Amino acid sequence: LPEEGGAEPDLFDLMLAYFAALEKAPDGKLRRLLSAFLFKLTALAGFRPVLGRCLHCAASLQEPLAFDLCEGGMVCALHAQPGARPISTSCYQILVSYIQSPLAWHLDQAEEEEAEAAAARIALAYLQE
């Protein structure tokens, strides 16, 4: 209960949504579901990644796309540091869906194996960072 202090209703709701989706998830969707959960969890913890623009200059994103784990989001070619991870457009779209879409939505999405794997690696690495 929020009035008891220390309660986190958004985190609780995220956990409930994750468990509900997990019950329905076929084995082939577990990685995507977990990755979306981790990315949402990171955002809820106050580290929401900047995905819609370059986090340094606010420029619109254009290829080549890169995600900077240390800085916390997308960077343009001009601001991509050596540690920024190049990503495909498909991977970028998956990362955006991790934040914007409900967890259950991910159960119905077609898999693109390479982009899914790249997005999963970024979600985990960002949480660890």
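The values are calculated or read from the model by the stated rules, or taken from the named source; none is laboratory data. Quick caveat, the model's predicted, so the values are computed rather than measured. Note that each Cβ is placed from the backbone with ideal geometry, even for glycine, and that neighbours are counted across all protein chains shown. Areas reflect the complete protein model, heavy atoms only, side chains present, ligands, DNA and RNA absent. Shrake-Rupley method; radii C 1.70, N 1.55, O 1.52, S 1.80 Å.
Screening the candidates F19, F39 for the property of being at pLDDT 95 or above, farther than 17 Å from L124 by Cβ and out of contact with any Gly (no Cβ under 7 Å at 6 or more places or on another chain) yields one hit, F19. Of A77, A66, all but one fail to be open to solvent by 50 Å² or more (accessible area, probe 1.4 Å), within 23 Å of E129 (Cα to Cα), free of Cβ contacts under 8 Å to residues at least 40 places away in the same chain and not basic (K, R); the exception is A77.
The lone criterion from (1) in a helix (DSSP H, G or I); (2) modelled with pLDDT of 95 or more; (3) small (G, A, S) left unmet by A45 is number (2). Reported count of residues in the stretch 30-63, each being open to solvent by less than 30 Å² (accessible area, probe 1.4 Å) and out of contact with any helix residue (DSSP H, G or I) (no Cβ under 9 Å at 6 or more places or on another chain), is 1. Taken as a whole, the stretch 94-102 holds no residue that is modelled with pLDDT under 95, under 15 Å from the mean Cα position of the chain (by Cα) and surrounded by 20 or more Cβ atoms within 10 Å (Cβ to Cβ). List the residue pairs whose Cβ atoms are under 6 Å apart, where the first residue sits in the stretch 108-129 and is closer than 18 Å to C70 by Cβ and charged (D, E, K, R), the second is surrounded by 13 or more Cβ atoms within 10 Å (Cβ to Cβ) and modelled with pLDDT of 90 or more, and the two are 6 or more positions apart or on different chains. The qualifying pairs are E129/L69.
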